[in-house]
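A.B. asks: Before we start, here is the structure in question, set down as structure tokens.
The values are calculated or read from the model by the stated rules, or taken from the named source; none is laboratory data. The model shown is predicted, which means the values in this text are computed figures rather than measured ones. Positions of Cβ are backbone-derived with ideal geometry, glycine not excepted, and every protein chain shown enters the neighbour counts. Only protein heavy atoms, including side chains, enter the accessible area calculation; ligands, DNA and RNA are left aside. Shrake-Rupley method; radii C 1.70, N 1.55, O 1.52, S 1.80 Å.
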Amino acid sequence: MSTRAERLPAPLARRIALAAQGFADPRPAGAVDTRQLRRVTSRLAVVQIDSVNVLSRSHYLPAFSRLGAYPRAALDGLAYRRRELFEYWAHEASFLPVRLQPFLRWRMAAAEQHAWGSMVRIQRERPGYVAEIEARVREGGPLKASDLLEPKPDRPGTMWNWHAGKVALEWLFYTGVLSARSRTAGFERVYDLTERVIPADVLAVPTPEPGVAFRELVRTAARALGVATERDLRDYFRLKPEPARQAIAELAEAGELQPVEVDGWGAPAWLDPEARRPRWIRARALLSPFDSLVWERPRVERIWGFRYRIEIYTPADKRVHGYYVLPFLLGDELVGRVDIKADRQAGVLRVQAAYTEDDVDRGLVATELAGELAAMADWMELDAVSVTGRGDLARDLQTVLGPAAEAG
């Protein structure tokens, strides 16, 4: 039986997407507690981890964008002390609620089809060595890659310049034998046996059939996205097209996804039947490049008409907007972008470039962005915000922030 697709105006779809990601709720008026942080991580389900620290480790930013200032140690506590979150490969390397661990065991079991070359190769070519690394953790306790006296390969400038021990640890991590017990101050992963990391009640959950797991992952993605195309849904957990389509069809048949047509999207879409449909959004947030609201660039362009590319790996002379650029959300629109850097030695949050989108009130954007930058600087324990002259919004920002914001 076919269901007629509801037609959604594009602005409503945009508000649904923002509400699903937590931007319809006002920020807490008082101190943020663990309960509120847990609600954010549960709602998003995937909080991407990235090692770039030019501003802040990326996984700390989504909670700030939604809650305002909160103790970053509380997020670490959810993962490494309370064991409510765990690290695994989801969208990319991510924090996820531990309830999802059973639904990702199919990926662990099929690591040879999903892990990348060096990990698969070391298991095929040096299985004894991999077994030795596992035994060392089993008998000797938690282990870091730097504990292994292995020479690094001579591949300067490459992203994955791992020695054999690190590759073996990552294979064992991908297959679920090991999990992340903690991170060091330098952000190095500390590995331990999964049974010593993941709560026993989670490990005791029977491994679901792959079809059940795919449905749960798509269901989770649908709740986190609100309204989404097939590509959006499968991208959230990086699912292959065929099992994702099957899961979508089964959820639709069960009434857990509703077909919709969104004006201007040009592709069929699916709505979470329980998604909120707010009449307005009054958000104000700077967004990490790896925030789940904006990590899929075609979706960002489809919903907001906002063309966004991260330029970290682009040569400096070819960058359009800057090295580490954060989109600025105001209301329900992406109205600008800023290239920012935390100069911890000087105690300054440096705005290296600031741009507005077309047809926005530049004065209003400058005022609201200045407020958000000041809040971010305070949260990061930086003393001031400094703005350079690059970008069409920079001068307005300097004016709002006052003499202390002049480049120096």
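A.B. asks: How many of the residues in the range 22-31 are open to solvent by less than 50 Å² (accessible area, probe 1.4 Å) and within 20 Å of the chain's Cα centre (by Cα)?
C.D. replies: Qualifying residue count for the region: 4.
A.B. asks: Out of Ala180, Ala213, report the one residue that is crowded, with 17+ Cβ neighbours inside 10 Å, modelled with pLDDT of 95 or more and in a strand (DSSP E or B).
C.D. replies: Working: Ala213 fails: in a strand (DSSP E or B).
Answer to the check: Ala180.
A.B. asks: Can you report the number of residues in the range 67-78 which are assigned to a helix (DSSP H, G or I) and either without any contact (Cβ under 8 Å) to a residue 60 or more places away in the chain or over 18 Å from Pro97 (Cα atoms) (or both)? Give the derivation first.
C.D. replies: Narrowing the range 67-78 to residues assigned to a helix (DSSP H, G or I): 67, 72-78.
Remaining after also requiring either without any contact (Cβ under 8 Å) to a residue 60 or more places away in the chain or over 18 Å from Pro97 (Cα atoms) (or both): 67, 72-75, 77-78.
Final tally of qualifying residues: 7.
Matching residues to (1) more than 19 Å from the chain's Cα centre (by Cα); (2) outside any loop (DSSP other than H, G, I, E, B); (3) hydrophobic (A, V, I, L, M, F, W, C):
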residue	(1), (2), (3)
Arg15	yes, yes, no
Ala19	no, yes, yes
Leu37	no, yes, yes
Ser42	no, yes, no
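A.B. asks: How many of the residues making up the range 86-106 are free of Cβ contacts under 8 Å to residues at least 60 places away in the same chain and either among the basic types (Lys, Arg) or open to solvent by 10 Å² or more (accessible area, probe 1.4 Å) (or both)?
C.D. replies: Number of matching residues: 2.
A.B. asks: When Val54 is evaluated against the numbered criteria (1) more than 15 Å from Asp291 (Cβ to Cβ); (2) buried (at least 21 other Cβ atoms within 10 Å of the Cβ), which criterion, by number, is the only one it fails?
C.D. replies: Failed condition: (2).
A.B. asks: Something else: Anything in the range 303-330 that is open to solvent by 10 Å² or more (accessible area, probe 1.4 Å), touching a residue at least 24 places away in the same chain (Cβ under 8 Å) and in contact with a helix residue (DSSP H, G or I) (Cβ under 9 Å, 6 or more places away or on another chain)? List them, or say none.
C.D. replies: Ile303, Trp304, Tyr323, Leu330
A.B. asks: Take the range 298-312 and flag every residue that is over 17 Å from the mean Cα position of the chain (by Cα), hydrophobic (A, V, I, L, M, F, W, C) and in a loop (DSSP other than H, G, I, E, B).
C.D. replies: Answer for the range 298-312, where residues must be over 17 Å from the mean Cα position of the chain (by Cα), hydrophobic (A, V, I, L, M, F, W, C) and in a loop (DSSP other than H, G, I, E, B): just Phe306.
A.B. asks: Sticking with this one: Restricting to the range 219-244, count the residues that are in contact (Cβ under 8 Å) with a residue 24 or more places away in the chain and over 20 Å from Phe86 (Cβ atoms).
C.D. replies: Going residue by residue through the range 219-244, those that are in contact (Cβ under 8 Å) with a residue 24 or more places away in the chain are 219-233, 235-239, 243-244.
Restricting the remaining residues to those that are over 20 Å from Phe86 (Cβ atoms) gives 222, 225-233, 235, 243-244.
Residues in the range 219-244 being in contact (Cβ under 8 Å) with a residue 24 or more places away in the chain and over 20 Å from Phe86 (Cβ atoms): 13 in total.
A.B. asks: Identify, please: which residue in the range 242-269 is open to solvent by 60 Å² or more (accessible area, probe 1.4 Å) and not acidic (Asp, Glu) and is, among those, farthest from Arg219 (Cα to Cα)?
C.D. replies: My answer is Gly264.
A.B. asks: Which residues, taken from the range 102-143, are within 16 Å of Pro210 (Cα to Cα) and in a loop (DSSP other than H, G, I, E, B)?
C.D. replies: Residue satisfying the conditions is Ala110 alone.
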